[in-house]
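See structure below.
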Amino acid sequence: MLVLLVLGGCTEPNYVVPRGVLEVELTLPPAPAPELGAFASIQFRPDRLLASLEDQKFPFDSRWIDTDDLPGIPLAPGEDLVEHISVMAEEVDTDLRIKVRFCASRDCTDPLDDAAPEVWFALERPLYGGATTYWSARITEGQAVVAPAPIDVSKCDIEGCQGMRPSPYCDERRQHYCDTPMTWQVDPRPAPMSDLHFSLESVASD
């Protein structure tokens, strides 16, 4: 289980910003598969609700290179692999981009990885200060291709702040329930424990 520590924003002295937490559950396809590599590289980048494609800091079709990215995860032979990732942030007013690359090498540096199949997810505003939200996805063998179209995930499909009720998680004005703390309901699920820590601060502040 992995923990992503996403950058913290500027704060006033002696003021602690309540972190937002997004619990991600990704189900990865088994290995080996003819069209997939032996490792899955899962990368996260913030998307600051930017106005135009020209201003985007981390376009999906560029290589996201950073020495602090998570190491590749070996795929499980003959069975799906469920990976849990905790994303925490103090600066929550952001969309989140997730890129999953299937590589021949653990660090995706093999020449074969130049054309590694990928899956791209674009999550709309998944983080809220002081709240825990949940999102899950299953990736199939045929879903990963070279230069795929991003899979857009609406904020109303990001679970949270209403117990374990089904989606949507927005009101009639399309305001997420986590945006209104007075209406929060307790979620009975325990917080997952993680043993790997990673910071996106240097990536987001470049």
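General observations
- Amide H contacts for R19 (H built 1.01 Å from N in the peptide plane; partners 5 or more residues away or on another chain; cut-off under 5 Å): G130.
- Sequence of M164, M88 when ordered by accessible area, the most exposed leading, probe 1.4 angstrom: M164, M88
- Extension gain for D110-R165 works out to 15.4 nm (0.36 nm per residue, less the C-alpha to C-alpha distance).
- Cα→Cβ-extended label distance, 7 Å offset, between V146 and S62, nm: 2.2
- Between S136 and E83, the contour length at 0.36 nm per residue exceeds the Cα-Cα span by 18.1 nm.
The values are calculated or read from the model by the stated rules, or taken from the named source; none is laboratory data. Treat the numbers as computed from the prediction; the structure is a model and nothing was measured. Positions of Cβ are backbone-derived with ideal geometry, glycine not excepted, and every protein chain shown enters the neighbour counts. Accessible surface is based on the protein model in full, side chains and every heavy atom, while ligands, DNA and RNA are left aside. Shrake-Rupley method; radii C 1.70, N 1.55, O 1.52, S 1.80 Å.
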